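In what follows, a single structure is set out as structure tokens and then discussed.
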Amino acid sequence: MVEAVIGLEVHVELKTRSKLFCSCSTKFGSEANSQVCPVCLGLPGTVPALNKQAVEHAVLACLSLQCEITEQGGFDRKNYYYPDMPKSYQISQVFSPIGKEGELTIDTAHGEKMIRIRQIHLEEDAGKLVHEGDNIASAPDSLVDLNRSGAPLIEIVSYPDIRNSDEAVAYLENLRSILRYVNVSDCRMEEGSFRCDGNISVREEGSSTYNPKVEIKNMNSLKALQKALDYEIDRQTDLLNNNERVMQETRTWDDQKEMTVHMRSKEAPDYRVFPDPELGLLKVDESWKSRISKRIPELPAEKKRRYKEQWSLSDYDAYILSRDKNLAAFYEQAVEHYHQPKKISNWIQAELLRLLNAERKEADDSPVLPEQLANLVALIDQGEISGKMGKEVIEIMYEERKDPRKVIEERGLSQISDDSALEEIAEQIVEQNPKPVQDYRDGKKKAMGFLVGQMMKATKGQANPKKANEILREVLEE
């Protein structure tokens, strides 16, 4: 038996208005090469100036992931040439990362597992290469967009504690959730603000040795990451079983062919790293660290635990509602308006998320407000509409941004609960269906289901099901 050994390097673009060492905008989607200046282009005579907010965001991320903060460190120049690196060096923290020795707990099929974080360091982003054709491996030409060059990043490097693609996805989901909770990044993979490179090798299960590893790049979604890791595990396992050597290399994920493809060899490069002579020491003293730590909110794991203890939600329900801070805020506001935590949880997961996911919207963009959802659940509980009607009502609420009561009044969807009206309808149903009526009176109780269905059909689903059943039974037994 073999096992995978996986470590992840996650690049997270920090949510700041300007770049790490200059005042250029970090706005996404602007015209190519429109957000550059002499500093981020590295023109002679320019001097970088450190973005204080980026440092605070980095410290906040470190503290949220249980990292030790480096009280006195600095920045280094990592020298290499690549078309999207206009200065031919990258300013990073090679010798003194801002955070070290953190941890993140994930849920696995075998229970909780702690993934260790080796370090978190600040660095500037490179530019972006736009490849012509279908993919990077076969692109005949590439264009360079330097808008992203100099944007503030943190790189979060895990230890090789991950053993399969499910654990890798769980790690990234939890990591993204925490970073969104503390509001240091929007973590949008589709916009490149949350990017991951995977380092993977395989070995005999139980072994403590490390075999040559492969780095996988250009995975732009969690789905692509999972497929790439699974493919690479199978590829390297086949090589190992056939006594063939695994080459230490960098590979890219080809989404169309659903396979990893060789990019370049992965020999240890000499980056000629040295301290940046234009940036002084970065000092994070206890006072500054303490002020930043006060900004840490209740994090997803704590919120999940509270939902289970306070509102008796299942482990799954608590996880779904707590993993996104906007959804958690929506849920808590709805429960404040109508204290039925489980029922509101059901309606959010079964109906609201279905509508939001269809349009790729998040909870803070929901056309249905928390108090409106709470009012809808209350109206169902009070018998004004049935649960089936509620599903129709919430779709209209979502499309037309209306309160549930207004939708019910405008569409005439109120549930019929009046005894005399239901009795009159029941008598008609009994008269129109002599055979099922006789079957019921002969002891075939299943006939009652048919008759209740006919009653609901006659009222277009507006009859109160409980009352309809009771009154129909009374009419049948007269």
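The values are calculated or read from the model by the stated rules, or taken from the named source; none is laboratory data. In this text the structure is predicted, and so the values were computed from the model without any measurement. Note: ideal-geometry Cβ built from the backbone for every residue, glycine included; neighbour counts use all protein chains shown.
Quick notes
- Residues being outside any helix (DSSP H, G or I) and loosely packed, with under 12 Cβ neighbours inside 10 Å - total across the stretch 445-476: 3
- Candidates PRO38, PRO97 - the one that is of a type outside the set (Lys, Arg), without any contact (Cβ under 8 Å) to a residue 40 or more places away in the chain and closer than 30 Å to VAL169 by Cα: PRO97
- Any chance ILE471 is within 20 Å of GLU384 (Cα to Cα) and touching an Asp or Glu at 6+ places or on another chain (Cβ under 7 Å): yes
- Of the listed requirements (1) within 20 Å of SER149 (Cβ to Cβ); (2) in contact (Cβ under 8 Å) with a residue 60 or more places away in the chain; (3) surrounded by fewer than 15 Cβ atoms within 10 Å (Cβ to Cβ), PHE21 misses just one: (3).
- Matching entry among ARG306, ARG295, ARG291, ARG323 (being farther than 30 Å from LEU122 by Cα and of a type in the set (Lys, Arg)): ARG306
- Count of the stretch 411-444 residues which are within 30 Å of VAL393 (Cα to Cα), surrounded by 12 or more Cβ atoms within 10 Å (Cβ to Cβ) and among the hydroxyl-bearing types (Ser, Thr, Tyr): 2
- Residue check for LEU313: modelled with pLDDT of 95 or more, part of a loop (DSSP other than H, G, I, E, B) and surrounded by 21 or more Cβ atoms within 10 Å (Cβ to Cβ): yes
- When THR16 is tested against (1) of a type outside the set (Gly, Ala, Ser); (2) closer than 30 Å to LEU299 by Cβ; (3) touching a Pro at 6+ places or on another chain (Cβ under 9 Å); (4) not in a loop (DSSP other than H, G, I, E, B), exactly one condition is not met: (4).
- Within the stretch 40-56, considering residues that are touching a Ser or Thr at 6+ places or on another chain (Cβ under 7 Å) and modelled with pLDDT of 95 or more, the one nearest to ILE98 (Cα to Cα): ALA54
- Unique residue being within 27 Å of LEU153 (Cβ to Cβ) and out of contact with any Lys or Arg (no Cβ under 7 Å at 6 or more places or on another chain) when the list is SER290, SER208: SER290
- Test for ASP285: is it in contact (Cβ under 8 Å) with a residue 12 or more places away in the chain, out of contact with any Phe, Trp or Tyr (no Cβ under 8 Å at 6 or more places or on another chain) and in the same structural domain as ARG176 (by TED's automatic domain parsing): yes
- If you go through the stretch 282-311 and keep only what is in contact with a strand residue (DSSP E or B) (Cβ under 8 Å, 6 or more places away or on another chain) and not β-branched (Val, Ile, Thr), you end up with LEU282, LYS283, LYS289, ALA301.
- Residue in the stretch 369-378 that is within 30 Å of ILE91 (Cβ to Cβ) and either buried (at least 19 other Cβ atoms within 10 Å of the Cβ) or among the β-branched types (Val, Ile, Thr) (or both) present: no
- First in the stretch 68-84 and touching a residue at least 24 places away in the same chain (Cβ under 8 Å) and within 22 Å of ARG272 (Cα to Cα), second anywhere and aromatic (Phe, Trp, Tyr) and in a loop (DSSP other than H, G, I, E, B), Cβ under 6 Å, 6 or more apart: ASP76/PHE95; LYS78/TYR271; ASN79/TYR271; TYR80/TYR271
- Residue count for the stretch 240-258, restricted to those that are of a type in the set (A, V, I, L, M, F, W, C) and surrounded by fewer than 16 Cβ atoms within 10 Å (Cβ to Cβ): 1
- The set of residues from the stretch 44-99 being in a loop (DSSP other than H, G, I, E, B) and of a type in the set (A, V, I, L, M, F, W, C) comprises VAL47, ALA49, LEU50, LEU65, CYS67, PHE75, MET85, VAL94, PHE95, ILE98.
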